[in-house]
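Participant: One structure coming up, written as structure tokens, with questions to follow.
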Amino acid sequence: MTTHDPLAHRNPTPAFRRSSFARIGLSLLSMSAVATAIGGCGALSGLASRTFDPEPSQSVPARTMVSASATPVPTSTEASGQGASNVGTVGSTGSAPLSMSGASPSGTRRGGSILSVNGDSRRANDNGLTEGGGNISQVSFATEGGDYAPDVDRTGTYMVFASTQHRPTFDIYRKSVDGRTVTQLTTDPSDDMMPAIAPDGTKIAFASNRNGNWDIYTMPITGGAPTQITFDADEEVQPTWAPDGKRLAFSRKNGRTGTWELWIVDSATPGLRTFVCEGFLPRWNPTEENDRLLFQRARQRGSRLYGVWTIDIVRGEGMNPTEIVSAKNAAILQPGWSPDGEKIVFTTVVNPEGNAEWPDQSDIWVVNADGTGRVGLTNSRFRNMQPAWGADGRVYFVSNRGGLENIWSIAVDGARNGTGSAEFAANAHKKAKSSPVAPAAPAALVKDGTPELLKADTFAKVAD
């Protein structure tokens, strides 16, 4: 494998379409530095140009980040500080792209109240219809701070995630999928986030700014001393393992061009790295027969909102970049593979506002790897983001539906919300007048558990 430094002719572009990843993506992840970094190449859009709360005083290395406050992931390139002159704090600092809500000591963002439908766990959306057909379950239970960026092992037994539940900075935790107890894996006073479990389940990779800027590390799944994989001054985040358990792909912010790029490194010989393409938030196909990366990338014209792409890895080089999902009215973010590599789960933010610090509402969708059969898993007033597909046929995601950001899960089977429309329907609450939420319809009246707005014949009729 050879190192290749991409040419600087790739002109940076506006940010919201590119850098809203940070707060939404711990992967919209969690820190202004990470937010910019992540957003620079593929996150939300103008969600990140805001000022941040001051970072609490503590003994940590100098960091290229504004604060531990959650930073949104811009869905466009304008918010990421790439080629934009009117960029706020995030775009003008070289901060990392991992911001998440709940990290700020000055306050916590809370979602709307939870409605009980017929005494079960189903949630009512703004149409009074149920979401998920009663298949939504809470998985993590932080009472302060928040839990973000889940990754589930291949057996579906346990997960790792980043959390601020015990202090303002992020640490990595492990818990069983069904249990309530949590094990803290990292205790460094800096920020550790974006954990990814190796295919054999023996170790994790994660991003940390413990040495002054964002780098990639690995460590045993049981905890212990981490091993640093990347060492240069550029920001490197969002690691993902190849099926062979040896190679790692990650996002790197090019210090000369300010764009986010995908790189590959062999964990045994980290001195050799290979450039793949421009992009953000890579996820390696879990099947060995498909050496392919999934990632988000912003268009260089028009809305510049993020879309979801794949690229084949052939003899160590990136080939055949292919756009899977995009829309004129929505940022498509945080993609992930199903365990068999045949489907893709992702986050949508419809009609993102360029100055929004954090989206009020976002949803989780599923699509076949060839771009067909799009299915909506959530349709609510909440922030639903950072999806990860488990071996049990459920998608695990971060939501503020309980007040704080916690990890929830929803069954994929039974979701039948496909549409032939190229656009995404805006959630009803964005158009609703200031009136009490309509009572939930009885389960018998909710045909197939499919919210009306997500049915194929209604998508095109919803105004932007």
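Participant: For segment 280-308, name all the residues that are under 17 Å from the mean Cα position of the chain (by Cα) and more than 20 Å from PRO352 (Cα to Cα). So that I can check it myself, show each step before the final result.
Facilitator: Filtering segment 280-308 down to residues under 17 Å from the mean Cα position of the chain (by Cα) leaves 280-285, 293-298, 305-308.
Residues satisfying the conditions are PRO282, ARG283, TRP284, ASN285, LEU293, LEU294.
Participant: If you don't mind, another one. Which residue is nearest to the chain's Cα centre (by Cα), if the candidates are limited to segment 220-247 and must be closer than 21 Å to GLY279 by Cβ and assigned to a strand (DSSP E or B)?
Facilitator: Across segment 220-247, the extreme among qualifying residues is GLN238.
Participant: Kindly state which strands (runs of 3 or more DSSP E) lie completely within segment 248-341 and contain at least 1 residues that are surrounded by 19 or more Cβ atoms within 10 Å (Cβ to Cβ) and among the charged types (D, E, K, R).
Facilitator: Values: elements: 260-266, 269-278, 280-284, 292-298, 306-314, 317-325, 330-337.
Correct list: 260-266, 269-278, 280-284, 292-298.
Participant: Same structure again: Restricted to segment 376-390, and to residues that are of a type outside the set (A, V, I, L, M) and part of a loop (DSSP other than H, G, I, E, B), which residue is modelled with the lowest pLDDT? Let's see the steps before the verdict.
Facilitator: First pass over segment 376-390, keeping only residues of a type outside the set (A, V, I, L, M): 376, 378-384, 386-387, 389-390.
Filter again for part of a loop (DSSP other than H, G, I, E, B), leaving 378-382, 390.
On the way: THR378: 94, ASN379: 89, SER380: 83, ARG381: 88, PHE382: 95, GLY390: 96.
Here the answer is SER380.
Participant: Return only the number of the condition from (1) charged (D, E, K, R); (2) more than 18 Å from ALA162 (Cβ to Cβ); (3) at pLDDT 95 or above that ASP215 does not satisfy.
Facilitator: (2)
Participant: Condition first: touching a strand residue (DSSP E or B) at 6+ places or on another chain (Cβ under 6 Å), among the aromatic types (Phe, Trp, Tyr) and either in a strand (DSSP E or B) or under 14 Å from ILE264 (Cα atoms) (or both). Can you find one or more residues in segment 207-216 that meet it?
Facilitator: no
Participant: Could you look through segment 261-291, keep only residues that are free of Cβ contacts under 8 Å to residues at least 40 places away in the same chain and of a type outside the set (S, T, N, Q), and pick out the one that is farthest from GLN386 (Cα to Cα)? Give the steps one after another, and end with the answer.
Facilitator: If we filter segment 261-291 for residues that are free of Cβ contacts under 8 Å to residues at least 40 places away in the same chain, which is where we start, we get 263, 268-269, 271, 289.
Going one step further and asking which of them are of a type outside the set (S, T, N, Q), we end up with 263, 268, 271, 289.
Values: TRP263: 21, ALA268: 29, GLY271: 30, GLU289: 26 Å.
Here the residue is GLY271.
Participant: Now for a different question. Restricting to segment 185-215, name every residue that is farther than 20 Å from PRO387 by Cα and aromatic (Phe, Trp, Tyr).
Facilitator: The initial filter retains those residues of segment 185-215 that are farther than 20 Å from PRO387 by Cα, namely 185-191, 200, 202-203, 208-215.
Listed by number, the list holds a single entry, TRP214.
Participant: Let me ask something else. Report yes if some residue within segment 349-358 is in contact with a helix residue (DSSP H, G or I) (Cβ under 7 Å, 6 or more places away or on another chain) and under 30 Å from SER137 (Cβ atoms); otherwise report no.
Facilitator: yes
Participant: Related question: Where the second residue is part of a loop (DSSP other than H, G, I, E, B) and of a type in the set (A, V, I, L, M, F, W, C) and the first is closer than 14 Å to GLY390 by Cβ and lies in segment 156-184, which pairs have Cβ atoms under 7 Å and are six or more apart or on separate chains?
Facilitator: GLY156/VAL177; GLY156/ALA391; THR157/VAL177; TYR158/VAL177; MET159/VAL177; LYS175/VAL182; VAL177/VAL139
Participant: If I filter segment 367-384 for residues that are in contact (Cβ under 8 Å) with a residue 24 or more places away in the chain, among the basic types (Lys, Arg) and in contact with a helix residue (DSSP H, G or I) (Cβ under 8 Å, 6 or more places away or on another chain), do I get at least one hit?
Facilitator: Looking for residues that are in contact (Cβ under 8 Å) with a residue 24 or more places away in the chain, among the basic types (Lys, Arg) and in contact with a helix residue (DSSP H, G or I) (Cβ under 8 Å, 6 or more places away or on another chain), one finds at least one in segment 367-384, hence yes.
Participant: OK, next. Just name the residue that is nearest to the chain's Cα centre (by Cα) out of those in segment 345-371 that are over 19 Å from SER399 (Cα atoms) and modelled with pLDDT of 95 or more.
Facilitator: By that ranking, first place goes to VAL367.
Participant: I'm checking my understanding of the structure. Among residues of segment 230-247 that are surrounded by 17 or more Cβ atoms within 10 Å (Cβ to Cβ) and of a type in the set (A, V, I, L, M, F, W, C), which one is farthest from ALA207 (Cα to Cα)?
Facilitator: Only one residue fits best here, namely ALA242.
The values are calculated or read from the model by the stated rules, or taken from the named source; none is laboratory data. As the structure is a prediction and not an experimental result, all values here were calculated from the model. Every residue, glycine among them, receives a Cβ derived from its backbone with ideal geometry; neighbour counts consider all protein chains shown.
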